[in-house]
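> First, the structure itself, so that you have it in front of you.
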Amino acid sequence: MCAQKPLLISLKDIRKSPPTGTIFSFDKEAEDAYDSINDTFRKIVVQANNFDSFLSAMFGKAATHLLRLCGILHVFQESIMFLKNNQILECNKKDLTNEFVENVDSVLKNKVVDITIISSKTVLQAHELLIYFNKNRMVLAKYDIE
């Protein structure tokens, strides 16, 4: 049997300590888009809870899946824009060479890069990706999605 190892400290104690690492947040439009999508997920959970535990569970987890996808897409997009804007990205280079790494390091030493704000465009793109994944889950669970 596989189970999560119990926490040594309580969640209340964890929440009391200051967050570590990079904190990402939504801009106002992204927050509104996320809230609207999350409200839809909650309605589906409430409706499906009485007759379909699979759908209820899938949409119950969808909000956190959406947050993860937002973070992943945001970091990819910001990384590509950073490389393009600083003329580090060369289309003919496919490998991470020492020169590439040195170029990135030199730019980062001279600039403060803030990539912590997630846009509504990213939220909507992540939502489209989540729809794709959820449709595949439903097909694999033998649901007729047509």
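A short reminder: the numbers here are calculations on the coordinates, not readings from a lab. Computed from a predicted structure; not experimentally measured. FYI the Cβ positions are ideal-geometry reconstructions off the backbone, even for glycines, and counts take in every protein chain you see.
> For Lys121 and Asp144 in the same chain, what is the full-extension length gain: residue separation times 0.36 nm, less their Cα-Cα distance, in nm?
Details: separation 23, 0.36 × 23 = 8.28 nm, distance 2.99 nm.
Gain on stretching Lys121 to Asp144: 5.3 nm.
> Under the rule of at least 5 residues apart or a separate chain, name every residue whose amide H is placed under 5 Å from the amide H of Phe26.
For Phe26, whose amide H was placed from the backbone, the distant partners under 5 Å are Ile118.
> For Cα pairs less than 8 Å apart in space and 6+ apart in sequence, what is the mean separation divided by the residue count of the range 24-140, i.e. the relative contact order in percent? Mind dumping the intermediate values first?
Values: 77 pairs, mean separation 52.6, N = 117.
Across the range 24-140, relative contact order equals 45 percent.
> Right, something else. Students often check this: by mean Cβ neighbours within 10 Å, which of 53-60, 36-43, 137-144 ranks highest, and how do the rest follow?
Working: 53-60: 16.2, 36-43: 13.9, 137-144: 10.4.
Taking the mean over residues of other Cβ atoms within 10 Å, the ranking is 53-60, 36-43, 137-144.
> Work from the charge dipole of the range 24-140 (Cβ charges, +1 for Lys and Arg, -1 for Asp and Glu, about the Cα centre) and give the residue of Met58, Thr122, Asn85 farthest towards its positive end.
Met58
> Using a basic spin-label model with each label point 7 Å from the Cα along Cα→Cβ, how many nm lie between Phe51 and Asp13?
Label at Phe51, label at Asp13, 4.7 nm between them.
> Assign unit charges at the C-beta atoms only (+1 for Lys and Arg, -1 for Asp and Glu), then state the dipole size of the range 24-140 relative to its Cα centre in Debye, rounded to the nearest 20.
360 debye
> So, one more: Which pairs break 31 Å Cα to Cα here: Lys12/Lys61; Lys16/Lys109; Lys12/Lys109; Lys16/Lys61; Lys84/Lys121; Lys61/Lys142?
Cα-Cα > 31 Å for Lys16/Lys109; Lys12/Lys109; rest within.
> Taking R0 as 41 Å, what's the FRET efficiency between Lys43 and Met81 from their Cβ-Cβ distance, rounded to 0.05?
0.70
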